[in-house]
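Colleague: Below is one structure. I have some questions about it.
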Amino acid sequence: MAEPVDSVIPDDEGKEKFKKSDNVAFYRRQIQGPSLQHRALLDTLVLTENRARFELLEPDTQNRLLLSLSPSKCGTVRIIIDELQPIKARYRVPDVMTGELQCEQLRMERQSKESLTLSWASGHHQVRVWHFPFRLEILCGHEALVTFNPKGKLWFEALQDPPSELQEEEHTSSLWTETFRQFVDIKANGPSSVGADLCLHGFRHVYGLPEHSDNLQLKDTSDGEPYRLYNLDVFAYELYSRLGLYGSVPLMVAHRPDRTLGVFWLNASETFVNIQYSPTDQQEDRTPPVKRRRTPTQTDVHWLSESGVIDCTVLLGPTPQQLFAQYAQLTGYQALPPLFALGYHQCRWNYNDEADVKEVDAGFDRHNIPYDVIWLDIEHTNGKRYFTWDPVLFPEPASLQCHLEKKKRKLVIINDPHIKVDYGWYLFCEARDGGHFVKDREGQMYRGSCWPGVSSYLDFSNPATRAWYSRCFSLDKYKGSTPSLFVWNDMNEPSVFDGPEQTMPKDAVHHGGWEHRDMHNLYGFYQHMATVEGLITRSGGSERPFVLSRSFFAGSQRLGAVWTGDNVASWDYLKISVPMVLSLSLAGIAFCGADIGGFYGDPEPELLVRWYQAAALQPFFRGHSAKETKRREPWLFGQEITAKIRTAIQQRYCLLPYWYTLFHLAHTSGLPPLRPLWVEFPTEQNTFTVDHEYMIGGALLACPVTEAGIQQVKVLLPGSADIWYDVNSAKAYKGGRTVSLPVTLDTVPVFQRGGSVVCRSAGSGSCTAVLQQLPLSITVALNSQGCADGELYLDDGHSFKYRDRKAFCLRRFDMLSGRLLCRPASSEGAFECDTVIQSVTIMGVKSRPSTVTVHVSGAEDTSATFEFTETCCKLTVDSLELRVAADWEIRITG
Ligand code: NOJ
């Protein structure tokens, strides 16, 4: 049996390990292939209650396809194309769409020999189908928004019977077998790729398609590689690259000043996307505006996938908010995390033993730095057998968890999808006997190498395997686990050290006989799903789970958090973390972050501080470092650095009431906490390419410093009618311009938008459970009309009672005409809570008030003492004891 693998970079062969699009046969076939001439057979149209269906014919190949079209009530149009009579079923991605959509009844508007037009009840949208050459337009009024197949790139390789051996020799071998380096891929179904092009009219900015280490706005791919969606374990990935990383979300978001639109390509096989902008960048730069008008503005997009069917949903927006809601209805809302998961996480590969864990935990208390979770990497196990503990290093795991739990802190352990092949280990035997492993194409248990050495891989696509794996997390089965243990799924692309591109061969076979090729990008999603199920079941359905996954797909937001994998301790990786998390956020994966400090290498103290400051303003907040790196707990770099890291973490904790409220919003509306500026300023063109600053909710604009030795940063403050308040100085700035802000290593540029109310905790506590007991302070930032509003969401922070018993409290603050009101934001919800508001700060108060009066329903008015700072027009009312759950009012008289 092979020895366990020890190194950070197993057998690294560098870039050569991974394919470029040139190396991929189906991509070459489609790009170089003949141009096909599909016809829509309009007389085959059938309108049913919830869809339209008609046939497509390609005369040369005589290929017949069936297109089904279904608009939904929430503003999406789904186009599915399959073979009319496939010799066997083609893979359709299960379990990603939530099935919540209600479809619209279509009716015939107009019909001729050339085209037919269909409409439906809601909105002004129509679909026009052209007979020849076949194209399908989605119209709003008379304007075409999207054209499907405008350039005739529709491609559908019909399944065929395998050729006889003789014929095979005549074949270009890549149809049935394909070789990359030493790896031979034998394709059980032969060529089965699909592809289609779409034109997005009037759009010149598209985003999404994570995961890539690239800018937020997707690039024109005409002179380079296409964006690749193929989940891979890429250690220390190259920057500004379109090659595939750990996860994939095939959602593209297009934006123009009057409309946001989405294209969701539901396919889990290897996928490429080409993008072409018109006018081109050169035309935009050089052509005088008058001439430019002749080139219509549009984005051409070409999707190509290795197998499955075409399942393409257009999300019609038109606002960014509506688009997020539509996408959430398709693939699910962000899970509401337990509050602790939004706190700070301390991880390292590895904390050596129980004493080490206790020492690090105590270090946080000693240095007065809040944190919630400490993490154990692979070395905590007995020989990389997940669900076990190293008997020498972690002999008393349950009492370790009790030790942490006494301080209301949690432990997270890693649990990867590969299982050590060990005939003497009950868990391996159970999985084998239950038929829970992926098979090779000969029907034997597939074997590949990973941390434990020779391993087999659980087939999470099998519901029975998911159920079995979930049960492994039950407290009685998982020895040494307690309810305060949570989970980290890593290496789940899956990573196979001796596999092609360091992953599973495409000809491996899953439940139902499907090839790995069909569902590769779903593997991590399914492990994440099974783990989440396990944690929920462990608590009898009462507690919210927390599971971090490295690999993901569309819909992973329903399950928990993801992170951006093996980054590097350098300024460039800190910088790219911002567009990477923004791109994930746009594609629904709202709970995301990057390893603080950079996983690989040793950050200098300045970089580490800047990384903490930036990450404190991102959703998932975890320090992590690789095995060979130096220790880097926050207090190891001298008092000054410790103080700066402490401040960054404390400020994150103070802002948690706001973050939690934003997560509630993501959970109920689909709107992500992190938003590119254009989401909040959709008509302002100068925000469309900004990806180093962003909004946290609607109220805060963050511009983390990601360069060394900087003394000044330039911050674009959008909205010419807006006022922005520096959260540190309360200084007001007019929007619609770029300001230069002097910075020191203590400064993190964050601005509050005039018109908003933000709730913070008055202190940071030692962890989130302590934070929940602390009073709140409210910051009201007035807009030019003297108004502001905001919300606050509270619940117990850990259970499903908010959902099952409506045990939550959603409050609204409104400031208008010198009165600040606290009222319920929704008639739903009842939550016993004693939380009080201790202070109210109002920024933008023009002159010193004469009195401030507090009115609480059912009590007499009292006048409050206040402080007014003339230089920055800031009014602070302190020593309040206003229950957040009660209705009250503060009146300011001039
Ligand atoms: C790869 C992960 O990306 C990294 O975070 C982890 O520490 C190592 N695997 C070891 O488990």
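Colleague: Which ones in the stretch 388-407 are aliphatic (A, V, I, L, M) and more than 16 Å from the ligand (Cβ to nearest atom)?
Modeller: Val392, Ala398, Leu400, Leu404, listed by residue number.
Colleague: Let me ask something additional. Are any residues in the stretch 539-566 of a type in the set (A, V, I, L, M, F, W, C), part of a loop (DSSP other than H, G, I, E, B) and within 15 Å of the ligand (Cβ to nearest atom), and if so, which ones?
Modeller: Scanning the stretch 539-566 gives a single hit, Phe552.
Colleague: While we're here: Quick check on this structure: which one of Tyr423, Tyr371 is away from the ligand (no atom under 16 Å from the Cβ), farther than 22 Å from Ala530 by Cβ, among the aromatic types (Phe, Trp, Tyr) and in contact with a strand residue (DSSP E or B) (Cβ under 6 Å, 6 or more places away or on another chain)?
Modeller: Tyr371 is the lone residue from the list that is away from the ligand (no atom under 16 Å from the Cβ), farther than 22 Å from Ala530 by Cβ, among the aromatic types (Phe, Trp, Tyr) and in contact with a strand residue (DSSP E or B) (Cβ under 6 Å, 6 or more places away or on another chain).
Colleague: Evaluate the following for Gly588: is it over 25 Å from Thr747 (Cβ atoms), within 16 Å of the ligand (Cβ to nearest atom) and in a loop (DSSP other than H, G, I, E, B)?
Modeller: So Gly588 fails the test.
Colleague: Would you check if Glu211 is in the same structural domain as Thr76 (by the TED database) and away from the ligand (no atom under 16 Å from the Cβ)?
Modeller: Taking the combined requirement at face value, the residue does not satisfy it.
Colleague: Another question about this same structure. For the stretch 313-334, indicate whether the set of residues that are in contact with a His (Cβ under 8 Å, 6 or more places away or on another chain) and within 30 Å of Ala769 (Cβ to Cβ) is non-empty.
Modeller: For the stretch 313-334, residues in contact with a His (Cβ under 8 Å, 6 or more places away or on another chain) and within 30 Å of Ala769 (Cβ to Cβ): present.
Colleague: Quick test for you: out of Leu821, Leu794, Leu810, Leu774, pick the one residue that is modelled with pLDDT of 95 or more and either loosely packed, with under 14 Cβ neighbours inside 10 Å or in a loop (DSSP other than H, G, I, E, B) (or both).
Modeller: After ruling out the rest, the residue left standing is Leu774.
Colleague: Among the residues that make up the stretch 567-577, is at least one of them within 16 Å of the ligand (Cβ to nearest atom), part of a helix (DSSP H, G or I), out of contact with any helix residue (DSSP H, G or I) (no Cβ under 8 Å at 6 or more places or on another chain) and among the hydroxyl-bearing types (Ser, Thr, Tyr)?
Modeller: Looking through the stretch 567-577, at least one residue is within 16 Å of the ligand (Cβ to nearest atom), part of a helix (DSSP H, G or I), out of contact with any helix residue (DSSP H, G or I) (no Cβ under 8 Å at 6 or more places or on another chain) and among the hydroxyl-bearing types (Ser, Thr, Tyr).
Colleague: Just to be sure I understand the filter: pairs with C-beta atoms under 6 Å, separated by 6 or more residues or on different chains, first member in the stretch 617-641 and farther than 16 Å from Leu607 by Cβ, second member within 11 Å of the ligand (Cβ to nearest atom) and charged (D, E, K, R). Which pairs pass?
Modeller: Cβ pairs passing all conditions: none.
Colleague: Do you know which residues across the stretch 600-632 are more than 18 Å from Trp563 (Cβ to Cβ) and within 16 Å of the ligand (Cβ to nearest atom)?
Modeller: Asp602, Glu628, Lys630, Arg631
Colleague: Ok, one more. Could you identify the single residue in Lys410, Lys384 that is within 16 Å of the ligand (Cβ to nearest atom) and in contact with a strand residue (DSSP E or B) (Cβ under 8 Å, 6 or more places away or on another chain)?
Modeller: Lys384
Colleague: Continuing with this model, one more query. Using beta carbons and a limit of 9 Å, which pairs, at least six apart or on different chains, have the first residue in the stretch 230-247 and at pLDDT 95 or above and acidic (Asp, Glu) and the second one outside any loop (DSSP other than H, G, I, E, B) and away from the ligand (no atom under 12 Å from the Cβ)?
Modeller: Asp233/Glu501; Asp233/Thr503; Glu238/Lys15
Colleague: Right, next: Would you confirm, using the coordinates I've provided, whether Ala594 is surrounded by 24 or more Cβ atoms within 10 Å (Cβ to Cβ), in contact (Cβ under 8 Å) with a residue 60 or more places away in the chain and among the small types (Gly, Ala, Ser)?
Modeller: no
Colleague: Taking Ile81 as meeting all but one of (1) at pLDDT 95 or above; (2) within 15 Å of Asp311 (Cα to Cα); (3) part of a loop (DSSP other than H, G, I, E, B), write down the number of the exception.
Modeller: Failed condition: (3).
Colleague: Next question. Need the failing condition index for Glu515 against (1) surrounded by 24 or more Cβ atoms within 10 Å (Cβ to Cβ); (2) under 23 Å from the mean Cα position of the chain (by Cα), just the number.
Modeller: With (1) surrounded by 24 or more Cβ atoms within 10 Å (Cβ to Cβ); (2) under 23 Å from the mean Cα position of the chain (by Cα) applied to Glu515, the lone miss is (2).
Colleague: In the stretch 470-490, is there at least one residue being closer than 24 Å to Gly244 by Cα and either away from the ligand (no atom under 16 Å from the Cβ) or surrounded by fewer than 21 Cβ atoms within 10 Å (Cβ to Cβ) (or both)?
Modeller: No, because not a single residue in the stretch 470-490 is closer than 24 Å to Gly244 by Cα and either away from the ligand (no atom under 16 Å from the Cβ) or surrounded by fewer than 21 Cβ atoms within 10 Å (Cβ to Cβ) (or both).
Colleague: Restricting the first residue to the stretch 844-865 and requiring it to be hydroxyl-bearing (Ser, Thr, Tyr), which pairs with a second residue that is not in a strand (DSSP E or B) meet a Cβ separation below 6 Å and a spacing of at least six or different chains?
Modeller: Final answer for the pair search is Thr853/Asp861; Ser857/Asp887.
Colleague: Next question, about the same structure. Can you give me the number of residues within the stretch 334-355 that are within 16 Å of the ligand (Cβ to nearest atom) and not in a loop (DSSP other than H, G, I, E, B)?
Modeller: Here the count works out to 2.
Colleague: Just for the stretch 842-894: of the residues that are buried (at least 18 other Cβ atoms within 10 Å of the Cβ) and either charged (D, E, K, R) or at pLDDT below 95 (or both), which one is nearest to Asp789 (Cα to Cα)?
Modeller: Arg891
Colleague: Output the residues belonging to the stretch 218-248 that are among the small types (Gly, Ala, Ser), within 16 Å of the ligand (Cβ to nearest atom) and within 18 Å of the chain's Cα centre (by Cα).
Modeller: Selection gives Gly244, Gly247.
Colleague: Follow-up question, since we're still on this one. If only one of Glu867, Glu860 is of a type in the set (Asp, Glu) and in a loop (DSSP other than H, G, I, E, B), which one is it?
Modeller: Step by step, each of Glu867, Glu860 is checked, and only Glu860 is of a type in the set (Asp, Glu) and in a loop (DSSP other than H, G, I, E, B).
Colleague: Pick from Gly190, Gly195: which is under 24 Å from Arg29 (Cα atoms), modelled with pLDDT of 95 or more and not in a loop (DSSP other than H, G, I, E, B)?
Modeller: Going through Gly190, Gly195 in turn, the sole match is Gly195.
The values are calculated or read from the model by the stated rules, or taken from the named source; none is laboratory data. Predicted model, so just to flag it, every value in this text is computed and none were measured. Ideal geometry is used to build each Cβ from the backbone, glycine not excepted, and the neighbour counts take in all protein chains shown.
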